[in-house]
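Inspection log for the structure reproduced underneath, given as structure tokens.
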Amino acid sequence: MKRAAVPSILVAVLLLALGVIAQAQQPKKVPRIGYLSGFDPATESTRAETIRLALRELGYVEGQNVAFEYRYAERKADRLPELAAELVRLKVDIIVASGADTVVRAAKNATKTIPIVMSGQGIDPVEVGLVESLARPGGNVTGLTNLTGELGGKRLELLKQAVPKVVRVAALYDPAALGSVRQLKEDLPVAARALGLTIQLWEVRETDGFERVFAALGKERPDGLYVLGGTLMRANEKRILGFALKSRLPSMYFTREFVDAGGLMSYGANRADSDRRVAYFVDRILKGAKPADLPVEQPTKFEFVINLKTAKQIGLTIPQSVLYRADKVIK
């Protein structure tokens with residue numbers, strides 16, 4: 001009996017060994033990250049590359065142990081739901097929602113199970129129902145919020161310091177951008193009164209509306225231009241910058257991209273720092289953390305950027321004391 005049992009044991013051991021070898025030879029599942037943006041690849045290139053490099057530092061190399069599925073709405077917000085649904089059908093492991101609340105909302109409407117990482121949209125995600133609270137998001141959405149609206153008062157203050165003669169400021173906004181509406185109602189009026197400024201509201205709902213508003217502003221001739229956030233404003237960046245330059249209007253923007261492209265000034269969260277932080281959330285989720293338990297983070301680094309080249313073009317001399325405060329001066 002003992003002799004008969006020996007071959008059986010050897011066969012069992014051999015089969016077990018073969019099973020272990022076969023399992024070891026099976027390729028590991030490569031996690032896929034869906035990247036959803038309201039813009040185009042060129043506009044998103046810097047942010048996407050920053051996130052990729054930050055992931056590489058954590059051991060994730062695109063094409064080796066992680067894959068990306070990129071989807072761009074090309075500045076057409078109505079395409080976002082379709083693109084988000086496409087990523088869900090591909091069964092990506094995570095969706096990185098790059099941009100305004102409309103991008104996050106499209107992803108959230110498309111799935112209640114796939115984790116969604118916000119890359120730094122500018123409104124309060126609790127206020128608009130994207131998460132239950134910053135400390136305990138509670139659903140499948142987490143990531144970063146860049147406090148774009150809450151910084152409105154600081155932007156007005158910097159505009160006034162840079163251009164002391166400013167009294168009437170035209171505020172350009174899209175009513176569909178909830179963060180902008182909140183800023184106009186709560187933040188800007190208080191700051192404007194303290195600074196002795198008058199805010200004139202100019203609403204733009206679609207691309208065709210810019211020329212009409214610019215024609216009216218040409219007659220009103222305000223002292224400064226304040227551009228609020230939102231996908232519509234980003235999509236019409238060149239049009240807005242062209243008007244400000246042609247009208248020789250000192251202008252303040254919500255993001256550095258406008259200043260890099262020729263705008264006068266911006267103040268906001270340090271985008272590069274926020275983009276790098278996206279990798280932290282992706283890493284934690286891929287290692288098993290649930291978005292519901294990962295607190296939404298607020299920015300810790302801010303940057304004030306001035307374009308001196310633009311200042312010269314519009315005949316403006318910015319006080320040296322203000323230039324000293326800038327984190328970046330474009331010459």
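Looking only at the stretch 205-331, where both bridge partners belong to it, what percent of the DSSP beta bridges are antiparallel (to the nearest 5)? Walk me through the numbers on the way to the answer.
Numbers: 5 of 12 bridges.
In the stretch 205-331, DSSP labels about 40 percent of beta bridges as antiparallel.
Name the trypsin sites (Lys or Arg not before Pro) in the stretch 237-286 that are in a loop by DSSP and that have at most 15 other C-beta atoms within 10 Å, would you? Write down the numbers at each step before the final one.
Details: sites: 238, 239, 246, 248, 256, 271, 276, 277, 284; in loops: 248.
In loop regions of the stretch 237-286 (DSSP not H, G, I, E or B), the sparsely surrounded trypsin sites (Lys or Arg not before Pro) are 248.
Along each of its three principal axes, how wide is the spread of alpha-carbon positions in the stretch 197-289, in whole angstrom units, largest first?
That works out to 58, 24, 24 Å along the principal axes.
Over the stretch 30-117, what percent of the accessible surface lies on carbon and sulfur atoms, probe 1.4 Å?
On the way: 1990 of 3920 Å².
Here carbon and sulfur together make up 51 percent of the probe-accessible area.
Using every alpha carbon pair in the stretch 280-329, what percent of pairs falls into each 10 Å bin from 0 up to the bin containing the largest distance?
20, 28, 15, 17, 18, 3
Could you give the dipole magnitude of the stretch 146-254 about its Cα centre, charging the beta-carbon of Lys and Arg +1 and that of Asp and Glu -1, in debye to the nearest 20?
Numbers: 17 positive and 12 negative charges, 75 e Å.
Roughly 360 debye, rounded to the nearest 20.
Could you state the accessible area per residue of the chain in Å², with a 1.4 Å probe and every protein chain left in place?
Working: 16310 Å² over 331 residues.
It amounts to 49 Å² per residue over the chain.
Ordered by residue, what ³J(HN,Hα) values in Hz, to whole numbers, does the stretch 306-317 give under the Karplus form 6.51 cos²θ - 1.76 cosθ + 1.60, where θ = phi - 60° and Gly and Pro are x?
Rounded to whole hertz, the list is 10, 9, 5, 4, 5, 4, 5, 5, 9, x, 10, 9.
For the chain, what is the mean residue ellipticity at 222 nm derived from helices alone (per DSSP H run of n ≥ 4: -39500 (n - 2.57); sum divided by total residues; nearest 500 deg cm²/dmol)?
Working: 14 runs with 145 residues, N = 331.
Using -39500 (n - 2.57) per qualifying helix, the result is -13000 deg cm²/dmol.
Mind jotting down a quarter of the surface of the convex hull over the alpha carbons of the chain, in square nanometres, one decimal? The partial results should precede the final answer.
Details: hull surface 83.1 nm².
Averaged projected area of the chain's Cα convex hull equals 20.8 nm².
With +1 on each Lys and Arg Cβ and -1 on each Asp and Glu Cβ, and nothing else charged, work out how big the dipole of the chain is about its Cα centre, in Debye to the nearest 20. Kindly include the intermediate steps, with their values, before the conclusion.
On the way: 48 positive and 36 negative charges, 101 e Å.
For the chain, the charge dipole is close to 480 debye.
Search the structure for amide H atoms under 5 Å from the amide H of residue 270, placed 1.01 Å from N in the peptide plane, and list their residues when 5 or more places away or on another chain.
So residue 270 has HN proximity to 301, 302, 303.
Among 28, 309, 112, which one shows the highest mean-square fluctuation when the chain is modelled as a Gaussian network with alpha-carbon springs under 10 Å?
Of 28, 309, 112, the most mobile in the Gaussian network model is 28.
Give me the log10 of I(q) over I(0) for the stretch 22-144 at q = 0.13, 0.17, 0.18, 0.23 Å⁻¹, as the Debye formula computes it from C-alpha points; what are the numbers?
So the normalised log intensities are -0.52, -0.86, -0.95, -1.40.
Got a number for carbon plus sulfur as a percent of the stretch 118-240's accessible area, 1.4 Å probe?
Details: 2580 of 5090 Å².
Solvent-exposed carbon and sulfur of the stretch 118-240 make up 51 percent of the total.
For residue 96, what residues show an amide H to amide H distance below 5 Å, using hydrogens built from the backbone and excluding near sequence neighbours?
The list, which skips near neighbours in sequence, is 34, 35, 36, 117.
Spelling out what I want: for every residue of the stretch 268-275, take phi, set θ = phi - 60°, compute 6.51 cos²θ - 1.76 cosθ + 1.60 (Karplus), and round to whole Hz; glycine and proline get x.
x, 4, 5, 5, 4, 5, 5, 5
Under 5 Å between amide H atoms, partner at least 5 residues away or on a different chain: which partners does residue 130 have, H built in plane at 1.01 Å?
Close amide H contacts, sequence-distant or interchain: none at all.
How many percent of the accessible area of the stretch 256-331 is carbon or sulfur, using a 1.4 Å probe?
Values: 1690 of 3720 Å².
Whole-percent figure for carbon plus sulfur exposure: 45.
What's the angle, to the nearest 10 degrees (0 to 90), between helix 41-57's Cα axis and the longest principal axis of the chain?
Approximately 50 degrees, to the nearest ten.
Write out the trypsin sites (Lys or Arg not before Pro) in the stretch 139-224 meeting two conditions: DSSP loop, and at most 16 other Cβ atoms within 10 Å of their Cβ.
165, 205
The values are calculated or read from the model by the stated rules, or taken from the named source; none is laboratory data. In this text the structure is predicted, and so the values were computed from the model without any measurement. Methodologically, a virtual Cβ is constructed for each residue, glycine included, from the backbone with ideal geometry; neighbour enumeration extends over all protein chains shown. Ligands, DNA and RNA are excluded from the accessible area calculation, which covers all protein heavy atoms including side chains. Shrake-Rupley method; radii C 1.70, N 1.55, O 1.52, S 1.80 Å.
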